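Take a look at the structure set out below.
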Amino acid sequence: MRARVAARALRGAIAAPPSKSMAHRLLLCAALAEGETVLRNVPASKDVQATLRGIAALGARVRRMDGGAYSILGIPTGARPRQAAIDCGESGSTLRFLVPVAAALGVETTFSGAGQLPSRPLSPVLPCLAAGGAAFHYENTLPFTLGGQLKPGRYEIAGNVSSQFITGLLFALAALEGDSEILLTTPLHSGPYVEMTLQAMAAFGVRAQRTPLGWFIPGGQRFVPCDTAVEGDYSGAAFFLCAGAISGDVTVEGLSPLSLQGDRAVCDVLERWGAAVTRGRDFVRVQSAPLTGGPVAGEDIPDILPILAVTAAAAQGETTFTGAARLTIKECDRLAATAALISGLGGRCRGEGDLLAVEGQPLAEGLRPGGPAATHRDHRMAMSAAVAALWCEGPVELDCAECVEKSYPDFFRDYEMLGGSVHVF
């Protein structure tokens, strides 16, 4: 499907989508718990559905309930399958979380995937899994089969590639009987995602202790089932908060001001650039105002760099984003795709190495022409393109509208609820 989006200021209030990142983590904890967990407000995104399939393949009993809730009976200790096959779809979180977990459970598992996932790297985590007892033959693509049995011990891994590898190790090592330790060989990037993992584990009674170089994970812990809900998602909300900053007045409800999500930083960035930002007990409101760009450290917030770059295109002056190199190994090369999106619609943007730079032009100085926008079948690029239409004179035409289902299936519905002009065809 394609989508044609025309400039029309967005105004009103919507509910935040459930956090995809937290849903993955809570589902893994529920699968490792001994008993039934009820998890409410589970997103219907394709990535989360992949994780639901994955934990079911490993032996968890998954039952959908009313109102977006799920009952999860944890994987029985004495009745784990000997073999499993997991289709991860296009979900990097599903793959990177479940590879170490399957090794810890001792389940020989074949992992497959679609889209760009088979080419996204696993090499940062596999050497330490092999040293810990896992067995596999990996040729830099999927499918591949993992066997063996992970043992407690010391695991060394780089911290600057993807925090998802560290999250997977934390889950896996917490499920073992002996003590283990994770040692980072490089500085940690996307640290807030690891903090979200630790928060989810703590909700299920499991803890890891921070050390100067990583974490100590006591052995013999037990995940305790609970009844909990997935919090609202700042990553998804960021698209509409940025839309409010560019042209409009948008409130996103269901966002906790105490959330550990790193993408909560979108509020600080927009406020620093001059937008009117109001934070409430469970909402964030952003109203447009003249924007002036400025430098942004993106090492901990890679997922919202594309939409912040789109916003910077409507701000005065140059905005530079550091930490952009990690965008090249996402669902597409988002560094190149973001630069091409903004430049193709009439803005000025360049990406090179670890830097993304945008030369802004405020709306008061004129609109850009708009035109076709290549999404690369990447959900975040599609949503960024839809928001970019707010600073375009002509409509923006997306070549793939359905890719938003990966993380935010209701994105275009919410866009229209706020008064946006969208035609999906």
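Using a cutoff of 8 angstrom between alpha carbon atoms and counting only pairs six or more residues apart, the relative contact order for the chain works out to 20 percent. Sorting Leu198, Leu173 on solvent-accessible area from highest to lowest, probe radius 1.4 Å, gives Leu198, Leu173. Within segment 1-90, the ratio Rg/Rh, alpha carbon atoms throughout and Rh by Kirkwood, equals 1.13. For segment 1-159, the Kirkwood hydrodynamic radius comes to 17.0 Å, computed from all pairs of different C-alpha atoms. In sequence order, segment 322-331 has phi-based couplings of 9, x, 7, 4, 5, 5, 6, 10, 8, 4 Hz under the Karplus curve 6.51 cos²θ - 1.76 cosθ + 1.60, θ = phi - 60°, and Gly or Pro positions carry x. His423 contributes about 100 Å² of solvent-accessible surface, heavy atoms of the protein only, 1.4 Å probe. If the chain linking Ala289 and Ser71 were pulled fully straight, counting 0.36 nm for each residue of separation and taking away their Cα-Cα distance, it would gain 74.0 nm.
Note on Arg40 and Arg350: with the Förster distance fixed at 45 Å, the Cβ-Cβ geometry gives a FRET efficiency of about 0.55. Spacing of the modelled spin labels on Phe425 and Asp399, each 7 Å from Cα toward Cβ, amounts to 1.8 nm. Working note: Cα gyration tensor of segment 382-425, eigenvalues times five, square-rooted, sorted largest first, giving semi-axes of 16, 12, 9 Å. Residues in segment 146-159 carry Karplus couplings, in order, of 10, x, x, 9, 5, 10, x, x, 9, 10, 9, 7, 5, x Hz; the curve used is 6.51 cos²θ - 1.76 cosθ + 1.60 with θ = phi - 60°, and Gly or Pro positions show x. Placing one equal scatterer on every Cα of segment 76-172 and applying the Debye formula, the log10 ratio I(q)/I(0) at q = 0.13, 0.21 Å⁻¹ is -0.39, -1.06.
Derived scalar couplings between HN and Hα for segment 93-98 equal 4, 4, 5, 6, 7, 7 Hz in order, rounded to whole Hz, by the Karplus curve 6.51 cos²θ - 1.76 cosθ + 1.60 (θ = phi - 60°), x for Gly and Pro. The lysines within cross-link reach of Lys20, meaning a Cα-to-Cα straight distance under 24 Å and a gap of 8 or more places when in the same chain, are Lys46, Lys330, Lys406. Annotation: extensible slack from Glu177 through Thr211 equals 10.2 nm (criterion: 0.36 nm per residue apart, minus Cα-Cα distance). For segment 214-353, the fraction of alpha-carbon pairs lying more than 18 Å apart is 59 percent, rounded to a whole number. How big is the gap, in Å, between the Cα center of segment 140-205 and the Cα center of segment 334-371? First find each Cα centre; the distance between them is then 36 Å. What FRET efficiency do you get for Arg272 and Val62 if R0 is 60 Å and r is their Cβ-Cβ distance, rounded to the nearest 0.05? Once rounded, the FRET efficiency stands at 0.90. For the chain, pairs of C-alpha atoms spaced more than 29 angstrom apart make up 43 percent of the total. Looking at segment 77-202 alone, DSSP beta bridges between its own residues are antiparallel in about 40 percent of cases. For Ala229, the amide hydrogen comes within under 5 Å of the amide hydrogens of Arg40, counting only partners 5 or more places away or on other chains and with H modelled in the peptide plane.
The values are calculated or read from the model by the stated rules, or taken from the named source; none is laboratory data. None of these values were measured; they are calculated from a predicted model. Note: ideal-geometry Cβ built from the backbone for every residue, glycine included; neighbour counts use all protein chains shown. When the accessible area is computed, the model is the full protein with side chains, heavy atoms only, and any ligands, DNA or RNA have been set aside. Shrake-Rupley method; radii C 1.70, N 1.55, O 1.52, S 1.80 Å.
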